[in-house]
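Novice: Take this structure first; my questions come after.
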């Protein structure tokens, strides 16, 4: 019985001493200029400032808390943060593969966050075949993945599609990426609509 008591005391002591940082200062951001960037995720209440999340455990991967509820404007790319462009050729021929390009170009003072796990997911309408419906790039290893270009200045994804018959089609999807300025990184989630006119 005394062994159990000693074990309980040791376990309690190791739990109490495991954290060297006091609870009072855990939320204070680092003033070290070499500290990792922060990802800012907006809070539920529009009137309060965004919650500032640090990098997880010094491992170099960012922790992002998803928005509660549905999509909202806080996750949309603002004009000052950059530009999202979808380029589709005007002369798509039925039965022939065409290429649409989705490009993120950061605004002045911003860059593409290559460490963010970028993901584009598309749903093909009836009559359109996609060579690929899910695109992944970035992450902690900054892998180019499915992107044609992934660097601080640009993110480009190429969508190969084939319309079976003449007509107008819309390929819908969801696009998750992030941009950063010198102080913070901002997670973005955009609704994608690729309008295709096959003639």
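Novice: Quick one: residue 71 ticks every box in (1) under 18 Å from the mean Cα position of the chain (by Cα); (2) farther than 30 Å from residue 197 by Cβ; (3) modelled with pLDDT under 85 except a single one, so which number is it?
Specialist: (2)
Novice: In the set 134, 81, 97, which member is surrounded by fewer than 19 Cβ atoms within 10 Å (Cβ to Cβ), at pLDDT 95 or above and within 15 Å of the chain's Cα centre (by Cα)? Give the derivation first.
Specialist: Details: 81 fails: surrounded by fewer than 19 Cβ atoms within 10 Å (Cβ to Cβ); 97 fails: within 15 Å of the chain's Cα centre (by Cα).
None of the others qualify; the one that does is 134.
Novice: Continuing with the same structure: Which members of region 107-122 meet the condition of being over 14 Å from the mean Cα position of the chain (by Cα) and under 18 Å from residue 76 (Cβ atoms)?
Specialist: Keep residues of region 107-122 that are over 14 Å from the mean Cα position of the chain (by Cα), which gives 107-110, 122.
Those that are over 14 Å from the mean Cα position of the chain (by Cα) and under 18 Å from residue 76 (Cβ atoms): 107, 110.
Novice: Just checking: which of the strands (runs of 3 or more DSSP E) contained wholly in region 141-199 hold 3 or more residues that are farther than 21 Å from residue 99 by Cβ and in contact (Cβ under 8 Å) with a residue 12 or more places away in the chain?
Specialist: On the way: elements: 149-151, 154-163, 167-180, 184-198.
Hits in region 141-199: 167-180, 184-198.
The values are calculated or read from the model by the stated rules, or taken from the named source; none is laboratory data. What you see is a predicted model, and the numbers here were worked out from it, not measured in a lab. Quick reminder, even Gly has a Cβ in these numbers, built from the backbone with ideal geometry, and neighbours come from all protein chains shown.
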